[in-house]
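Q: Here it is, the structure, as structure tokens.
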Amino acid sequence: MPELPEVETVVRGLRPRLKDCVAGLAWVDWPKVLDGYNLTQFNKEVKGQALKGIHRRGKYICLALDTHYLVVHLRMTGRLYVSSNKTGDDKWVHFSLAIGDQQFLAFSDARKFGRVTLTRSLDYLEEKLGPEPLPLPREAWLTLLSGTSRGIKAFLLDQKKLAGVGNIYADEALHRTGVDPRRPVNELTPQERTNLGINIQDILAAAINYEGATISWYRKPDGTQGESQKHFKVYGKTGEPCSQCGNLITRITVAQRSTHFCPTCQS
DNA sequence: ATCTTTACCTGACTGC
DNA sequence: TGCAGTCAGGTAAAGA
């Protein structure tokens, strides 16, 4: 499940591979991957454009071209890597873009939830995404985590409030902070708000250093697995003893997501 | 404003 | 071996 650390790892892995590349033609085996964009039009616009840079915004991958951005969202099972084959290196590749010298940027996605789009401006992303958690000043967390009665986990998953956090790292950060995922945001103490901000940042930064979490589908662009999953305290640990108190990790549903927490440590 | 439901998708897993 | 049922969850849209 690619979240901020996984997407950041993909971007960092691809960056050196895309240096000095020029876009050629795109290939598609499932038109919907272009999110309504017509392939002919797509190719007309993208062909011959230099790849000028790649960065992450929230869970979106933004590849800067001369006049456009190629924007990729991995959703659940998306993978993005460089291949020497137009149809990539696995059976779930639905899009590829020639980037020169028999090299292709391949987008693989078993679930077909992910999308590849082309845009002249990234403004539309800014309109639907909250601030990046890394970095976000300490005072900003206090402001962000106020004025709403929504449950804290639902709030953290809302990309318009905070960009990049998903189900895994929301559970991990709430456990480290000792906060029940169902607690209304406006009932957190100032200390809890500050601590939650710090813990989200620490956990995301550590996960980037571990190069993301391979639960099932996520792979780094070089095909290898991340290590972050080895450091989880609650995600996927249902029925196992809590590392803090020894009582059992419980799974409940919060905000329509499976939620893992310790009823003893989190209140 | 907030919450709930549904849709999008298919591989992996469970139980019979 | 196969087959039905269930689960995984990021985002968008619709309805309460």
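Q: Mind counting the residues in segment A:95-113 that are within 10 Å of DNA strand B (Cβ to nearest atom) and either under 15 Å from A:LEU18 (Cβ atoms) or surrounded by fewer than 24 Cβ atoms within 10 Å (Cβ to Cβ) (or both)? Before the answer, list the steps.
A: So the first thing to find is which residues in segment A:95-113 are within 10 Å of DNA strand B (Cβ to nearest atom), and the list is A:109-113.
The next check asks that each one be either under 15 Å from A:LEU18 (Cβ atoms) or surrounded by fewer than 24 Cβ atoms within 10 Å (Cβ to Cβ) (or both); those that pass are A:110-113.
Number of matching residues: 4.
Q: On to the next question. Pick from A:THR67, A:THR119, A:THR87: which is within 15 Å of DNA strand C (Cβ to nearest atom), over 30 Å from A:ARG257 (Cα atoms), over 16 Å from the mean Cα position of the chain (by Cα) and not acidic (Asp, Glu)?
A: A:THR119
Q: Now for a different question. Output the qualifying pairs, or none if there are none: Cβ atoms under 7 angstrom, residues six or more apart or on different chains, first residue in segment A:25-41 and among the β-branched types (Val, Ile, Thr), second residue part of a helix (DSSP H, G or I) and surrounded by 13 or more Cβ atoms within 10 Å (Cβ to Cβ).
A: Once the first residue is among the β-branched types (Val, Ile, Thr) and sits in segment A:25-41, its partners that are part of a helix (DSSP H, G or I) and surrounded by 13 or more Cβ atoms within 10 Å (Cβ to Cβ) give A:VAL28/A:LEU34; A:VAL28/A:LEU39.
Q: Could you please tell me which pairs satisfy a Cβ distance under 6 Å, a separation of 6+ or placement on different chains, a first residue in segment A:194-208 that is without any contact (Cβ under 8 Å) to a residue 60 or more places away in the chain, and a second residue that is crowded, with 17+ Cβ neighbours inside 10 Å?
A: Matching pairs, first to second residue: A:ASN195/A:THR177; A:LEU196/A:THR177; A:ASN199/A:ALA173; A:ASN199/A:ARG176; A:ASN199/A:THR177; A:ILE203/A:TYR169; A:ILE203/A:GLU172; A:ILE203/A:ALA173.
Q: With the condition kept exactly as written, say whether any residue in segment A:51-61 is part of a loop (DSSP other than H, G, I, E, B) and under 28 Å from A:TYR235 (Cβ atoms).
A: Checked segment A:51-61: at least one residue is part of a loop (DSSP other than H, G, I, E, B) and under 28 Å from A:TYR235 (Cβ atoms).
Q: What tally of residues in segment A:158-201 results from selecting those that are out of contact with any Gly (no Cβ under 7 Å at 6 or more places or on another chain), closer than 30 Å to A:LEU74 by Cα, within 16 Å of DNA strand B (Cβ to nearest atom) and aliphatic (A, V, I, L, M)?
A: Looking only at that region, the number is 5.
Q: Considering each residue of segment A:223-238, count those that are over 17 Å from A:THR264 (Cα atoms) and away from DNA strand B (no atom under 16 Å from the Cβ), and give that number. Spell out the reasoning first.
A: Here is the first cut: in segment A:223-238, the residues over 17 Å from A:THR264 (Cα atoms) are A:223-232, A:236.
Subset that is away from DNA strand B (no atom under 16 Å from the Cβ): A:224, A:226-228, A:230-232.
Selection size over segment A:223-238: 7.
Q: Would you call A:GLN225 without any contact (Cβ under 8 Å) to a residue 40 or more places away in the chain, of a type in the set (S, T, N, Q), within 30 Å of A:SER84 (Cβ to Cβ) and part of a helix (DSSP H, G or I)? Break it down into steps so the answer makes sense when it comes.
A: Values: without any contact (Cβ under 8 Å) to a residue 40 or more places away in the chain: yes; of a type in the set (S, T, N, Q): yes; within 30 Å of A:SER84 (Cβ to Cβ): yes; part of a helix (DSSP H, G or I): no.
For A:GLN225, the condition - without any contact (Cβ under 8 Å) to a residue 40 or more places away in the chain, of a type in the set (S, T, N, Q), within 30 Å of A:SER84 (Cβ to Cβ) and part of a helix (DSSP H, G or I) - is not met.
Q: I'm trying to understand the selection: among the residues of segment A:156-174, which are in a helix (DSSP H, G or I) and near DNA strand C (Cβ under 8 Å from one of its atoms)?
A: Listed by number, the residues that qualify are A:LEU157, A:ASN167, A:ILE168, A:ALA170.
Q: Residue by residue through segment A:188-247, note down the ones that are of a type in the set (Lys, Arg), more than 15 Å from A:TYR169 (Cα to Cα) and in contact with a strand residue (DSSP E or B) (Cβ under 7 Å, 6 or more places away or on another chain).
A: Listed by number, the list holds a single entry, A:ARG219.
Q: Which residue is surrounded by the fewest Cβ atoms within 10 Å (Cβ to Cβ), if the candidates are limited to segment A:124-151 and must be within 19 Å of the chain's Cα centre (by Cα) and in a helix (DSSP H, G or I)?
A: Among those that are within 19 Å of the chain's Cα centre (by Cα) and in a helix (DSSP H, G or I), it is A:GLU127.
Q: Scan A:ILE208, A:ILE168 and give me the residue that is modelled with pLDDT of 95 or more and either under 18 Å from A:LEU134 (Cα atoms) or surrounded by fewer than 17 Cβ atoms within 10 Å (Cβ to Cβ) (or both).
A: A:ILE208
Q: Tell me the residue from A:LEU70, A:LEU80 that is in contact with a Pro (Cβ under 7 Å, 6 or more places away or on another chain), under 21 Å from A:ARG111 (Cα atoms) and assigned to a strand (DSSP E or B), please.
A: Criteria check complete, one pass: A:LEU80.
Q: Here's another thing I want to ask about it. When you scan segment A:252-260, do you find a residue that is modelled with pLDDT of 90 or more, away from DNA strand B (no atom under 16 Å from the Cβ) and in contact with a helix residue (DSSP H, G or I) (Cβ under 8 Å, 6 or more places away or on another chain), even just one?
A: Yes, there is a match, as at least one residue in segment A:252-260 is modelled with pLDDT of 90 or more, away from DNA strand B (no atom under 16 Å from the Cβ) and in contact with a helix residue (DSSP H, G or I) (Cβ under 8 Å, 6 or more places away or on another chain).
Q: Checking the conditions here, which among A:VAL28, A:VAL33, A:VAL82 is in contact with a helix residue (DSSP H, G or I) (Cβ under 7 Å, 6 or more places away or on another chain) and within 15 Å of DNA strand B (Cβ to nearest atom)? Steps first, please.
A: Numbers: A:VAL33 fails: in contact with a helix residue (DSSP H, G or I) (Cβ under 7 Å, 6 or more places away or on another chain); A:VAL82 fails: within 15 Å of DNA strand B (Cβ to nearest atom).
Selected residue: A:VAL28, the only one of A:VAL28, A:VAL33, A:VAL82 that is in contact with a helix residue (DSSP H, G or I) (Cβ under 7 Å, 6 or more places away or on another chain) and within 15 Å of DNA strand B (Cβ to nearest atom).
Q: Would a scan of segment A:28-47 turn up a residue that is in a loop (DSSP other than H, G, I, E, B), more than 11 Å from the chain's Cα centre (by Cα) and of a type in the set (Phe, Trp, Tyr)?
A: Within segment A:28-47, one or more residues are in a loop (DSSP other than H, G, I, E, B), more than 11 Å from the chain's Cα centre (by Cα) and of a type in the set (Phe, Trp, Tyr).
The values are calculated or read from the model by the stated rules, or taken from the named source; none is laboratory data. Only a predicted model underlies this, so the values are computations on that prediction, with no experimental measurement involved. Backbone-built Cβ (ideal geometry, glycine too); neighbour counts: all protein chains shown.
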